[in-house]
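So the structure is just underneath, and the comments pick up after that.
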Amino acid sequence: MSVEAKSFPVSFDALEQEAKEKMSTGAYGYVRSAASNEETLRKNAKGFEKLAIVPRMLRNVAAVDMSVTIGGRTYPYPIFLAPVGMQRLTHEEGELASARAAAAIGVPFTQSTVSSYALEEVKQATGDSPKWFQLYWSRNAEVSYSMVDRAEKAGYEAVVLTVDTVMTGWRETDLSTNFSPLKLGFGKANYEYDSVFMAALQAKDEESIIQSVLENIHYPELNWSHVAELKKRTSLPIYIKGILHPEDAILAIENGVDGIIVSNHGGRQLDGIISAIDALPTIVQAVDGTIPVLFDSGIRRGTDVVKALALGAKAVFIGRPFIYGLSVGGQAGVEKVLENYIEETKITMSLAGISKASDLLSLKLIRE
Ligand SMILES: Cc1cc2nc3c(=O)[nH]c(=O)nc-3n(C[C@H](O)[C@H](O)[C@H](O)COP(=O)(O)O)c2cc1C
Ligand SMILES: CCCCCCC(=O)C(=O)O
């Protein structure tokens, strides 16, 4: 599947602008915006701008190998799709389209707990392509375990436990437009499919299901004992998403976690905090190679992918840009966004004198 190269916006800003025209004011505001004063959102981008690559020359970059090995599995590119909930908000085919695009390009798809299609539906649409499942811990722990079991049964290869969303951040755009996609029912598919969740409900009408999803998704009591318990309950590797402090990285290792995703949720949760790219080196240092460190928040182009890998990330997740691609062009739009990221990453590696993604740690960066 392809979109007309000429008509498809190339830069992030142009893509965002075109997505704005496609989406309702509420939906666009929900995707674009971030918490409070959006300082962290801006800092994520600035963090990358402050880092300058010091390229090497005359290194024969005729063949570039972008593959990376994470948890014993090799992926063709250091790029994943980030978990983004409720994608039907953006395009009717939602996660079915973005997961198909990821499969077509060879990029792993990460499916949110609050996806608008269930795990089983996405599996059916995409077969054996690599997929990870992102878990929002449920107030009813048995629902969490049940969802993880379903993911494992459907062949998902890892669980991403997001830990920075024990409540929703102070999102002024959504508050002013009174917009809540969860309340509109966009994130209920995995719950409706879940026999444990449904059995616990008295009334099974649409409104009661949505109400129960809203009650389940917020769990401020979440702590490390839940991580340790989850580790006992599943044989899937567990990646913790939302770590920014090196001491939390150490605790993650102590609690049996298999990998860390350094992320500030794209600035959507807590404002006024460290940019994710500034947090990355401190986590990489704390982890000291024991488990893989992945990264998201602020990846807007191939040069950002290269900078994150040069600072020790094994791979990066793309968030808002692929959602904009989805809204502009459905599956083909997501494919085009991924192709552009891959191509710009390849060009950046070549011009910086690095022919293997696994050698990017040797690339020199300076802070300007
Ligand atoms: C509209 C939207 C919905 C999101 N939904 C989820 C989600 O369901 N689960 C999750 O762990 N992260 C979610 N995220 C956060 C992303 O996984 C990722 O951390 C973030 O988008 C990275 O920032 P960036 O888009 O600025 O690069 C969401 C982000 C956006 C923009
Ligand atoms: C507990 C917060 C639910 C939000 C679900 C989607 C999401 O993560 C977002 O950033 O929006």
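The values are calculated or read from the model by the stated rules, or taken from the named source; none is laboratory data. Quantities reported herein were computed from a predicted structural model and do not represent experimental measurements. Glycine gets a Cβ as well: all are built from the backbone with ideal geometry, and neighbour counts include every protein chain shown. SASA here: full protein model, heavy atoms, side chains in, ligands and nucleic acids out. Shrake-Rupley method; radii C 1.70, N 1.55, O 1.52, S 1.80 Å.
How high is the relative contact order of region 1-108, in percent, counting Cα pairs under 8 Å that sit 6 or more residues apart? Show your work: numbers first, answer last.
Numbers: 42 pairs, mean separation 18.4, N = 108.
Over region 1-108, the number comes to 17 percent.
Multiplying the sequence separation of Arg233 and Ile347 by 0.36 nm and subtracting their Cα-Cα distance, what value in nm do you get? Don't skip to the end; give the middle numbers.
Values: separation 114, 0.36 × 114 = 41.04 nm, distance 4.30 nm.
Result: 36.7 nm gained on full extension.
How are the C-alpha pair distances of region 112-164 spread across 5 Å bins, as whole percents from the shortest bin up?
Each 5 Å bin holds this share of Cα pairs: 4, 22, 33, 26, 11, 4, 1.
Of all DSSP beta bridges in the chain, what percent run antiparallel (nearest 5)?
Details: 7 of 30 bridges.
Within the chain, antiparallel bridges account for around 25 percent of the total.
Provide the descending list of Cα extents for region 12-354 along its principal axes, expressed in whole angstroms.
69, 47, 41
Using only the Cα atoms of region 169-259, build the gyration tensor, take square roots of its eigenvalues as a ≥ b ≥ c, and label the shape rounded, prolate or oblate: rounded if a/c is under 1.5, else prolate if a/b is larger than b/c, else oblate.
Numbers: a/c = 2.93, a/b = 1.44, b/c = 2.04.
Here region 169-259 falls in the oblate category.
Before rounding to the nearest 500, sum -39500 (n - 2.57) across all DSSP H runs of length at least 4 in the chain and divide by the residue total; then give [θ] at 222 nm in deg cm²/dmol. All intermediate terms of the calculation are to be shown ahead of the outcome.
Values: 15 runs with 163 residues, N = 368.
The helix-only estimate for the chain comes to -13500 deg cm²/dmol at 222 nm.
Once you place label points 7 Å from the Cα toward the Cβ at Asp128 and Ile250, how far apart are they in nm?
Rounded to a tenth, the inter-label distance reads 4.3 nm.
Given a Förster distance of 22 Å, report the FRET efficiency between Ser358 and Ala63 from their Cβ-Cβ distance, rounded to the nearest 0.05.
Details: r = 14 Å, r/R0 = 0.63.
Calculated value: 0.95.
Can you return the aspartates and glutamates within cross-link range of Lys346? Criterion is Cα-Cα under 20 Å, with same-chain partners fewer than 8 residues away left out.
Partners found: Glu49, Asp65, Asp296, Asp304, Glu335, Asp359.
GNM, the chain, Cα, under 10 Å: largest mean-square fluctuation among Phe322, Phe133, Phe179?
The residue that fluctuates most here is Phe179.
Taking amide hydrogens as modeled 1.01 Å from N in the peptide plane, which residues meet the under 5 Å criterion relative to Asp65, leaving out close sequence neighbours?
Long-range HN contacts for Asp65: Lys356, Ala357.
What aspartates and glutamates sit close enough to Lys204 to cross-link, taking a C-alpha to C-alpha distance under 13 Å and skipping anything fewer than 8 places away on the same chain?
Glu192, Asp194
So for each of 187-194, 341-348, 262-269, 247-254 I average, over its residues, the number of other beta carbons within 10 Å; can you give me the resulting order with the highest mean first? Please report the intermediate quantities before stating the final value.
Numbers: 187-194: 22.4, 341-348: 19.4, 262-269: 26.1, 247-254: 16.9.
The most tightly packed comes first, giving 262-269, 187-194, 341-348, 247-254.
In straight Cα distance, which aspartates and glutamates are under 12 Å from Lys43, not counting same-chain residues fewer than 8 positions off?
Answer for Lys43, where 12 Å is the Cα cut-off: Asp271, Asp278, listed by chain and number.
How many angstrom lie between the Cα centre of region 23-44 and the Cα centre of region 303-368?
Here the two parts' Cα centres lie 22 Å apart.
Considering only Cα-Cα distances, which of the following residue pairs are longer than 19 Å: Lys131/Lys314; Lys22/Lys336; Lys50/Lys241; Lys22/Lys46?
On the way: Lys131/Lys314 17 Å; Lys22/Lys336 17 Å; Lys50/Lys241 24 Å; Lys22/Lys46 27 Å.
With Cα atoms farther than 19 Å apart: Lys50/Lys241; Lys22/Lys46.
Taking a label point 7 Å from the Cα of Lys204 along the Cα→Cβ vector, which residues of region 132-149 have an amide N closer than 20 Å to it?
From region 132-149, the list is 140, 142-144, 146-147.
Local charge sum around Ala62 (other residues, Cβ-Cβ under 13 Å, Lys/Arg +1, Asp/Glu -1)?
On the way: positive: Arg59, Lys346, Lys356; negative: Asp65.
Here the charged neighbours net out to +2.
Report, by chain and number, residues whose modeled amide H sits under 5 Å from the one on Leu294, excluding near sequence neighbours (fewer than 5 apart, same chain).
Counting only residues 5 or more places away or on other chains, the set is Ile260, Ile261, Val262, Lys314.
Measuring with a 1.4 Å probe in the full set of protein chains, what accessible area per residue, in whole Å², belongs to the chain? Please list the in-between numbers first.
Numbers: 15410 Å² over 368 residues.
That works out to 42 Å² per residue.
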